[in-house]
Every structure is written in C-alpha cells, then in structure tokens.
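The values are calculated or read from the model by the stated rules, or taken from the named source; none is laboratory data. Computed from a prediction, not measured in an experiment: that's the story for all the values here. So basically every Cβ, Gly included, is an ideal-geometry build from the backbone, and we count neighbours across all protein chains shown.
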Amino acid sequence: MIPSHPRFPTPLSAGRPAPAASLAAPTVLLALLGLLALAGCSTAPESEAPQPQIDARPLSQDTAPRSVEVRPTYRGPWEDPSNPLYNRIVYFDYDSSAIKPEYIGVMRNHAAYLGANSGTRVTLDGNTDERGTREYNLALGDQRADAVRKFMVAEGARPDQIATLSYGEERPTNPGHNESAWSQNRRVVIQY
C-alpha cells in the first residue's frame, strides 16, 4: 500500500474516493484559463476618428501660405566645381599604391585646406579593381589610403584629421570587366 499525504493524495489510495476539494481546483483553473482565452480574443470596438475641421474663410494676405525656398546645404568648398578641392579622387596603377605625379597637386590642395581648418576631418576611402582575392584587395585599398594619408600629413594636415578605410573591390565606380573600368576603380576618394 502506498502511503498518501493530505496535500498530495494519490488517485486510488486504498480504494478511497478523492476528496472533493482536490477535484475542484483543476476544474476552477480550467474555467479561468478558458475565460482568459476568450477575453484575449475579443476585439476592441472601433472608435470613430475625429473629423478635421475645415476653415471656410477666404485666404487673406496675412494668412496666405508662404512659399519657402529650399536651398541645398553648403557643406564646404569641395562641393564647388570651380574650387580645386572639388577634385577628390586619386587614381592608381594596377597592383600599386605608389602615388602618380599628376595627383600630387590634388593632395596638396586638400592637405593645405586641412592644415588651415583644424576642425575639419576627412576619410580616405581606398578602393581596388575586382582582380585579386577579397583579402588582398582590402589590404591594397588600405595601402593606397595610407599612402595618401602619409603624403597629406607631410604636406601640413594633422594625423588626427585623417581616417583611412578600405573597401577593396566592394564599391566599384564602373561595374565593367575591362581595363577601362578597372582603371576607374583603382582609387582613393577623399571624403569630407
């Protein structure tokens, strides 16, 4: 015979019927769960949206809508096509991070501007063409950006004004698969 405990009665303990209190608790619990389920499924009544009030008065001079001229935000001289800072791309030869002589003037202009404006910051985005592995191209893009950074620091920019970032082959300017496209993708972009 299995001993029974008053708080934990066994269902068939010695042939005695289970106390009524032990059967009532599960029944009440099931009823409460059913009510909660029904209450959770009910939908809230839709309230009517307030109707906007329309002003039927004629517009006068002082209440007429004014046109607002939207002007683009001027961020700096690098946005002006007539300014030398507008040229912000340095191109590279295949598999090289050596700076070409024709881009020295571009980098000097930006270095001089940074030297004169200590609060200005730039990011040098290094890019490559699609040839080579992803890892190799990320490293080459980083070398190109670092070569431009070193040159600009030597020309008067502070090191803390310049951050470098390599995209490798991930952001091509030209999606083509020939030398013309690849030459446009081997670059460092000076981003203000």
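Observations
- Restricted to the range 127-182, and to residues there that are basic (Lys, Arg) and more than 26 Å from the chain's Cα centre (by Cα), the residue that is farthest from residue 114 (Cα to Cα) is 131.
- Condition met for residue 112 (exposed (fewer than 13 other Cβ atoms within 10 Å of the Cβ), modelled with pLDDT of 95 or more, more than 19 Å from residue 184 (Cβ to Cβ) and touching a Gly at 6+ places or on another chain (Cβ under 9 Å)): no
- Within the range 117-127, at least one residue is touching a Pro at 6+ places or on another chain (Cβ under 8 Å) and at pLDDT 95 or above.
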